[in-house]
Amino acid sequence: MSDVIVIKIGSSTLVDADGALRERVLERRVAEVAALRAAGMHPVLVSSGAIACGLGTLGFTDRPDALPDLQAASAVGQGVLFSRYIIEFGRHGVVPGQVLLTSADLEHRASYLNARNTLERLVALGAVPVINENDTTATDELTFGDNDVLAAQVAILLRARLLMLLTDRDGLYAPGADGPVRIDEVPPGTAPDDIALAELAGSGRGRGGIASKLAAAAMATGSGVACVIASGEDDGVIPAAATGQAVGTRFAPSGRSEGAFKMWLRHAKPAQGRVVVDAGAVRALIDQGTSLLPVGVVSCDGAFSAGEAVLVVGPDGREVGKGISDLSSDEIRAVRGMRSEEALGLLSGGSAEVIHRDRFAPAVR
């Protein structure tokens, strides 16, 4: 599916300090998204704001900490929010499709593919998917953390051309001699920690902050998706960003091209343990593209079964990549440092490989 553009609109853009929807902002952004669809692009909207809408509707004056309160607010607010999307998209002859996800939906390969198929079919039918995290059922262990990360994962899943993160500021700012200066371009391969940022106050109405946006941008660009952080309140921001005009802060993609399996493994499959390997194994995995064998394993942390994802770490503690382990944690500990023939003698059957090369995704550098 070509020319997919994922647009994430944050709570601070859609909801005011009293928890009420900013009707004009929502109307203008929907009109711009619909215009992209009319121009032959394939927009996908990731919308925050459900919890914030629900909190205002239920009479909360501050965001509560209790999970049941947040889930109740989401249950109420999601209906309020999506009903407005139905009305506003309807003015432009566009049908929105509501899609609610938790991280568990992307953790398992089958449901990951189902989510992708559903989104692609919605787009093919002319609808605009409107995605949000399913806060009413998600637990702390099943959340994306914020919708910036969700938007990045959707962009990767759909191999989008562009990810827009629309917020209450018009980009990132660096310290300057006369005050903060907007950063217009971030070169490909720039690590989030390498970007010097000026101190700017946030709105406090959403979970995501600049750190989450930088993480989302790094995820997207590391998989070949360009990213723009821009103001969701500025008219014309969506068509301007979609056509490459100078708005906000633009992150150049890495140019990386990988199969869907390895992108899912890197960005959606959580690691259940850690395998520390020696320098020779690092070279074999990265430079030669071979499988990880027991002889290169130094130690194993955590408890996991065969078929779970694990992080692979070098002797210096740096992440080498993530892979699907062919052995359980107990089996790895039993055969670490052994040659394959010796390891096979201790294993009940199957392969002596710890991680097959086809099920290993190197860390983004």
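Here, each number is a calculation from the coordinates, and none is a lab measurement. Source: prediction; values computed, not measured. Positions of Cβ are generated from backbone atoms using ideal geometry, with glycine treated the same way; all protein chains shown enter the neighbour counts.
For V320, enumerate residues with amide H under 5 Å from its amide H, sequence gap 5+ or separate chain, H modeled in the peptide plane.
V312, V313, G314
Mind running the shape call on region 1-148? Use the C-alpha gyration tensor, a ≥ b ≥ c as the square roots of the eigenvalues: rounded below 1.5 for a/c, prolate if a/b tops b/c, oblate otherwise. Spell out each step's value before the answer.
Numbers: a/c = 2.35, a/b = 1.21, b/c = 1.94.
Oblate, because a/c is 1.5 or more while a/b does not exceed b/c.
Run the quick spin-label model on A174 and A20: label points 7 Å from Cα toward the beta carbon, then report their separation in nm to one decimal.
4.1 nm
Taking the number of other C-beta atoms within 10 Å as the exposure measure, put F60, F251, F89 in order starting with the fewest. Walk me through the intermediate numbers first.
Details: F60 17, F251 28, F89 22.
In increasing order of surrounding Cβ atoms, one gets F60, F89, F251.
How much mean residue ellipticity at 222 nm does the chain get from its helices, if each DSSP H run of length 4 or more adds -39500 (n - 2.57) and you divide by all residues, to the nearest 500 deg cm²/dmol? Mind dumping the intermediate values first?
Values: 13 runs with 134 residues, N = 365.
Roughly -11000 deg cm²/dmol at 222 nm, from the helical runs in the chain.
Only Cα pairs under 8 Å and at least 6 apart count here; give the relative contact order of the chain as a rounded whole percent. Don't skip to the end; give the middle numbers.
Details: 758 pairs, mean separation 55.0, N = 365.
In percent, rounded to a whole number, it is 15.
At what distance in nm do the modelled label points of H108 and D69 sit from each other, each positioned 7 Å from its Cα along Cα→Cβ?
Using points 7 Å along Cα→Cβ, the separation is 3.3 nm.
Please arrange T243, T57 by how many other C-beta atoms lie within 10 Å of their C-beta, fewest to most. The partial results should precede the final answer.
Values: T243 12, T57 15.
So the residues, fewest neighbours to most, are T243, T57.
Using R₀ = 22 Å, calculate the FRET efficiency as 1/(1 + (r/R₀)^6) where r is the Cβ-Cβ separation of D234 and A196; round to 0.05. Don't skip to the end; give the middle numbers.
On the way: r = 24 Å, r/R0 = 1.11.
Rounded to the nearest 0.05, the efficiency is 0.35.
Among K213, K8, K322, K262, which comes first, second and so on when ranked by fewest other beta-carbon atoms within 10 Å? All intermediate terms of the calculation are to be shown ahead of the outcome.
Working: K213 26, K8 30, K322 22, K262 19.
If I rank by nearby Cβ atoms, fewest first, I get K262, K322, K213, K8.
Could you tell me the calculated FRET efficiency between T61 and D3, based on Cβ-Cβ distance and R0 = 51 angstrom, to the nearest 0.05?
Numbers: r = 43 Å, r/R0 = 0.84.
FRET efficiency, T61 to D3: 0.75.
For a quick check: with amide H placed at 1.01 Å from N, whose amide H comes under 5 Å from V128's, ignoring anything fewer than 5 positions away on the same chain?
When sequence neighbours closer than 5 places are left aside, the close amide H contacts are V95, G97.
Across region 169-182, in residue order, what do the Karplus-derived ³J(HN,Hα) couplings come to in whole Hz, using 6.51 cos²θ - 1.76 cosθ + 1.60 with θ = phi - 60° and x for Gly and Pro?
Per-residue couplings from phi come out as 9, 8, x, 8, 10, 9, x, x, 4, 10, x, x, 10, 5 Hz.
Relative contact order (percent) for region 217-357, with alpha-carbon contacts under 8 angstrom and 6 or more residues of separation?
Details: 256 pairs, mean separation 29.6, N = 141.
Once divided by the residue count of region 217-357, the mean separation gives 21 percent.
Which percentage, to the nearest 5, of the DSSP beta bridges contained in region 4-262 is antiparallel? The partial results should precede the final answer.
Numbers: 7 of 34 bridges.
Expressed as a percentage, antiparallel bridges in region 4-262 total about 20.
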